[in-house]
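Note sheet for the following structure.
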Amino acid sequence: MKRETVVVLDFGGQYNQLIARRVRECNVYCEIYSYKTDIEKIKEIQPKGIIFTGGPNSCYEPDSPTYPKEILELGIPVLGICYGAQLMMHLLGGTVEKAPVREYGKIEVNVDTNSKLFTDVSPKTICWMSHNDYISKAAPDFRISAWTNDCPVAAMENTDKNLYAIQFHPEVLHTQEGTKMLSNFVYNVCGCAGDWKMDSFVEESIKAIREKVGDGKVLCALSGGVDSSVAAVLLSKAVGNQLTCVFVDHGLLRKNEGDEVEAVFGPNGPYDLNFIRVNAQERFYGKLAGVTEPEKKRKIIGEEFIRVFEEEAKKIGAVDFLVQGTIYPDVVESGVGGESTVIKSHHNVGGLPDYVDFKEIIEPLRNLFKDEVRRAGLELGIPDYLVFRQPFPGPGLGIRIIGDITAEKVKMVQDADAIWREEIAKAGWDKKVNQYFAALTNMKSVGVMGDERTYDYAIALRAVTTTDFMTAESAEIPWEVIGRTTSRIVNEVKHVNRVLYDCTGKPPATIEFE
C-alpha cells in the first residue's frame with residue numbers, strides 16, 4: 001500500500017521504536033531501517049522525512065555508525081536526534097567532542113519558538129537528555145535554536161535545506177512537549193497530510209488480502225491473544241470460509257485458557273470460523289525437556305508451532321497461506337529491519353525455522369504497534385473484552401518458567417497466576433495496570449510450613465503500567481493485595497514457599513522474564 005512515510009534510520013538507539021510510535025501518533029506512517037540500508041532503498045521509498053536515531057557511539061570515532069552525506073542532499077527533510085544530531089553536524093563540518101559536563105535526565109531547555117520545530121512550544125521546556133558528547137560548534141549555515149546552561153547547542157537548523165538537529169530525546173514521555181515537536185517536524189517541515197488512519201488501514205488490508213489470496217486456502221495460527229484474534233477476524237472478513245483457524249494448545253497457556261479460546265472462536269462462539277483445536281501438550285513438553293536457555297526455548301516453540309500447522313494443513317488439503325499475528329515490536333525486537341541488538345527472538349519471527357512448507361506467510365499486522373492493533377480490532381467490530389485483554393506471549397508460560405519446563409512446573413505457575421489475576425481483579429487494579437502475571441523462578445529456598453522444613457520454589461509477581469509496551473513502570477500495587485495474594489499462593493500452590501514482587505521497570509528489564 002502506497003502511503004506517505006517517514007523513515008527512521010536506526011543507529012543503535014534504545015528508543016528507536018518510540019520514535020516511530022510517536023510519529024504514528026501524529027497519523028503519519030513510519031518505519032525503522034538500519035543505518036546500513038542502501039541509500040537507493042531509501043530513495044525508492046520516497047519518504048516525506050527522515051529521522052536519525054540516537055545511539056551509544058561517538059560519531060567522531062573511525063568505526064562508529066555513519067551514513068553517506070548524500071542523504072542530507074536529497075532535498076528530503078531530516079531530523080537528527082542525539083547521536084543522529086551529532087552525526088549530522090560531524091558530516092556537515094560542525095564539531096562534536098566529549099562534553100565537559102555530561103547531561104542525563106530531565107533538563108530545562110531554552111527554545112526559539114520562531115523555529116518551525118518549536119511552534120507552540122514553551123520558551124523554557126523540560127526535555128530528556130542522555131549524552132556524553134556534545135556539539136561544541138554547529139555546522140556552517142546552521143543556526144542554534146535551543147540551548148541549556150551546559151549545552152550551548154541543544155538544537156540547530158538549516159531551514160533552506162530542511163535539516164534539523166536536536167540533542168535531547170523528544171520521543172520519551174519525560175520530554176514534556178516532545179510529541180508536539182515531532183508533530184511540528186512531520187507537518188510543518190515535512191508537509192505530511194496525516195493519512196495513517198485505522199479505518200483506511202482495515203479497508204485497504206482486506207482488499208489487498210483478497211487480491212493476494214485469490215481462491216487459495218488460508219490457515220491462521222490462532223492463539224486467542226489480541227494480535228492473532230484481530231488477524232483472524234481480518235482474514236475472515238477478507239476471504240470468508242477459505243480460512244481455517246488452527247488453535248494449538250501447547251500446554252503453556254494460562255489456567256483454563258484453552259477452553260476459553262474455544263468458547264470464543266469455536267463452533268458455538270460468536271464468529272463463523274472454521275476452527276480446529278490441536279491438543280499438543282505432551283508433544284511440546286517432550287521437545288522442551290531439559291532446555292533452560294530462553295532463546296532456545298523460543299526457537300523450539302516457534303518451530304514446533306510451524307510443524308503442527310503444516311500437519312494440519314495437509315489434513316485440510318492444499319493450503320497455500322499461513323497467517324500469523326506478528327506485530328511491529330516483534331519484528332524490531334527480533335533484530336529484523338533495524339540496527340538495535342536482538343532483545344528476544346519472537347517465536348513467529350526470529351523463532352521461525354529456515355524451511356516453512358507454505359507458499360507464503362501473511363502477516364497483516366506486521367507494521368502495527370500494539371495499540372494500533374487494538375484500534376484495528378475495534379474497527380473490525382471485535383468486542384472490547386477481547387480487544388483490551390492483557391497481552392500473552394506466543395511461547396506462553398514457556399518464558400514465564402525460568403529454567404527447564406515440566407508439566408508440574410506449568411501447573412504451579414498456572415495456579416499462582418490465576419490467584420494473582422483474581423486478586424488484582426477483585427481489588428479493581430485490572431483497570432489500572434496494563435499487564436500482570438506470575439512467573440516461576442528457578443530459585444529454591446528454605447522455608448517452614450506446619451513446623452516442618454521446606455525447600456521449595458519462589459514465585460515472582462509482575463504488574464506494570466505502560467502506554468506502548470516499549471517502556472514500562474512497575475505498578476505500585478497496594479501491600480494488602482500483594483499480601484493476600486502471597487498468602488493464597490503459599491497455601492494453595494504446591495511446592496511454593498516464597499513469593500517475590502518485581503519492582504523493575506523496562507528498561508532495564510523487559511516486561512516478560514525471558
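V96 accessible area, nearest 10 Å², 1.4 Å probe?
Estimated to the nearest 10 Å², V96 gives 20 Å².
What order, most packed first, do the peptides 34-42, 84-92 have when packing is the mean number of other Cβ atoms within 10 Å of each residue?
The peptides rank, most packed first, as 84-92, 34-42.
Compute the angle between helix 16-25 and the longest alpha-carbon principal axis of the chain, please, reported from 0 to 90 degrees and rounded to the nearest 10.
Approximately 80 degrees, to the nearest ten.
Please list the three semi-axes, largest first and in whole Å, of the ellipsoid equivalent to the range 56-100, using sqrt of 5 times the eigenvalues of its alpha carbon gyration tensor. All intermediate terms of the calculation are to be shown ahead of the outcome.
Working: eigenvalues 71, 25, 18 Å².
Equivalent ellipsoid semi-axes, largest first: 19, 11, 9 Å.
So if we plug the beta-carbon distance of S136 and I39 into 1/(1 + (r/R0)^6) with R0 = 35 Å, what FRET efficiency do we get, rounded to 0.05? Can you show the working numbers first?
Numbers: r = 29 Å, r/R0 = 0.82.
With a Förster radius of 35 Å, E is 0.75.
Per residue, how much accessible area does the range 431-489 have with a 1.4 Å probe, in Å²? Please report the intermediate quantities before stating the final value.
Details: 2950 Å² over 59 residues.
I get 50 Å² per residue for this part.
Measure nothing fancy, just the Cα-based angle from helix 479-492's long axis to the longest principal axis of the chain, in degrees from 0 to 90, nearest 10.
Tilt relative to the chain: about 30 degrees.
Give me the percent of Cα-Cα pairs in the range 132-268 that sit more than 17 Å apart, rounded to a whole number.
74
Hey, what number do you get for the chain at 222 nm if only DSSP H runs of n ≥ 4 count, each worth -39500 (n - 2.57), divided across all residues, to the nearest 500?
Theoretical 222 nm ellipticity from helices: -9500 deg cm²/dmol.
Accessible area per residue for the range 137-212 in Å², computed with a 1.4 Å probe and the full protein assembly in place, what is it?
On a per-residue basis, the range 137-212 sits at 44 Å².
Using the crude model of +1 on Lys and Arg Cβ and -1 on Asp and Glu Cβ, and no other charge, please compute the dipole size for the chain relative to its Cα centre, in debye to 20.
For this selection, approximately 360 debye.
Find the eigenvalues of the gyration tensor of the Cα atoms of the chain, then list the square roots of 5 times those eigenvalues as equivalent ellipsoid semi-axes, largest first, in whole angstrom. Intermediate results must be reported in sequence, preceding the final value.
Numbers: eigenvalues 362, 178, 79 Å².
Equivalent ellipsoid semi-axes, largest first: 43, 30, 20 Å.
Under a point-charge model restricted to the Cβ atoms of Lys and Arg (+1) and Asp and Glu (-1), what is the dipole moment magnitude of the range 240-341 relative to its Cα centre, in debye to the nearest 20?
280
Taking 8 Å as the Cα distance limit and 6 or more residues as the minimum spacing, I'd like the relative contact order of the range 167-276 as a percentage.
Relative contact order for the range 167-276 comes out at 18 percent.
May I ask you to compute the full-extension gain from D120 to K207, defined as 0.36 nm times their residue separation minus their alpha-carbon distance, rounded to one decimal in nm?
27.3 nm
With a 1.4 Å probe and all protein chains left in place, how much of the accessible area of the chain comes from carbon and sulfur atoms, in whole percent?
Carbon plus sulfur share of accessible area: 47 percent.
If you line up the long axis of helix 294-316 against the longest principal axis of the chain, both from Cα atoms, how many degrees apart are they, to the nearest 10?
Value to nearest ten degrees: 70.
If you take the beta carbon distance between E452 and D199 as r and set R0 to 56 Å, what does 1/(1 + (r/R0)^6) give as a FRET efficiency, to the nearest 0.05? Could you put the intermediate results ahead of the total?
Numbers: r = 63 Å, r/R0 = 1.12.
FRET efficiency, E452 to D199: 0.35.
Report, in listed order, any pair from K411/K506; K299/K411; K43/K161; K444/K494 with a Cα-Cα distance greater than 21 Å.
Working: K411/K506 28 Å; K299/K411 23 Å; K43/K161 17 Å; K444/K494 13 Å.
From the list (K411/K506; K299/K411; K43/K161; K444/K494), the Cα-Cα distance tops 21 Å for K411/K506; K299/K411.
Can you work out the FRET efficiency for the pair V278 and D404, with r the C-beta to C-beta distance and R0 = 22 Å, to the nearest 0.05?
About 0.40, to the nearest 0.05.
Relative contact order of the chain, please, whole-number percent, based on alpha carbon pairs below 8 angstrom and at least 6 residues apart.
11
Using the crude model of +1 on Lys and Arg Cβ and -1 on Asp and Glu Cβ, and no other charge, please compute the dipole size for the range 404-512 relative to its Cα centre, in debye to 20. The partial results should precede the final answer.
Values: 14 positive and 17 negative charges, 8 e Å.
My answer is approximately 40 debye.
Residue farthest toward the positive end of the dipole of the chain, with Cβ of Lys/Arg at +1 and Asp/Glu at -1: which of V278, V446, V464?
About the Cα centre, the residue reaching furthest to the positive side is V446.
The values are calculated or read from the model by the stated rules, or taken from the named source; none is laboratory data. No experiment lies behind these values; they were computed from the predicted model shown. Don't worry about glycine lacking a Cβ; one is built from the backbone with ideal geometry, like all the others, and counts go over all protein chains shown. The accessibility values were calculated without ligands, DNA or RNA, using every heavy atom of the protein model including side chains. Shrake-Rupley method; radii C 1.70, N 1.55, O 1.52, S 1.80 Å.
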